[in-house]
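Working notes, beginning with the structure itself.
The values are calculated or read from the model by the stated rules, or taken from the named source; none is laboratory data. Owing to the predicted nature of the structure, the values given are computational and were not obtained by experimental measurement. Cβ atoms come from the backbone with ideal geometry, glycine included; neighbour counts cover every protein chain shown.
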Amino acid sequence: MILLAMRRTTASPTRTRAWTLPLPSSIRLALEHIRDALQRIEDGTFGRCVVDGEPIEPKRLEAVPWTLYCLKHQNELATESATRTPSL
Ligand SMILES: [Zn+2]
């Protein structure tokens, strides 16, 4: 659940009520990625690959700002993932 809005109640103009709605898992996951990226900005590690610490390609960061990996390591992960998936 995520805080959607704050609204003053009619009973008391000084009190507020939090309204929450369940979010689809894809949106929840995207929010987690964005939150993690914001934390990396605060930590000073944003834009660095978590595997080798090298700068992530600027074009990649423009396309996927919350990415954890440089293109080389993203491709390695994708290849590993594809080889682990049993073929039918
Ligand atoms: Zn890397």
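For (1) β-branched (Val, Ile, Thr); (2) surrounded by 13 or more Cβ atoms within 10 Å (Cβ to Cβ); (3) touching a residue at least 60 places away in the same chain (Cβ under 8 Å), each residue gets a yes or a no:
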site: SER25; (1), (2), (3): no, no, no
site: LEU29; (1), (2), (3): no, no, no
site: HIS33; (1), (2), (3): no, yes, no
site: ALA37; (1), (2), (3): no, yes, no
site: ASP43; (1), (2), (3): no, no, no
site: CYS49; (1), (2), (3): no, yes, no
site: GLU54; (1), (2), (3): no, no, no
site: ARG60; (1), (2), (3): no, yes, no
site: VAL64; (1), (2), (3): yes, yes, no
| remark: Within the range 43-88, of all residues that are hydroxyl-bearing (Ser, Thr, Tyr) and more than 22 Å from GLU32 (Cα to Cα), the one farthest from the chain's Cα centre (by Cα) is SER87
| query | Quick check: is even one residue across the range 52-62 at pLDDT below 95 and touching a strand residue (DSSP E or B) at 6+ places or on another chain (Cβ under 8 Å)? | reply | no
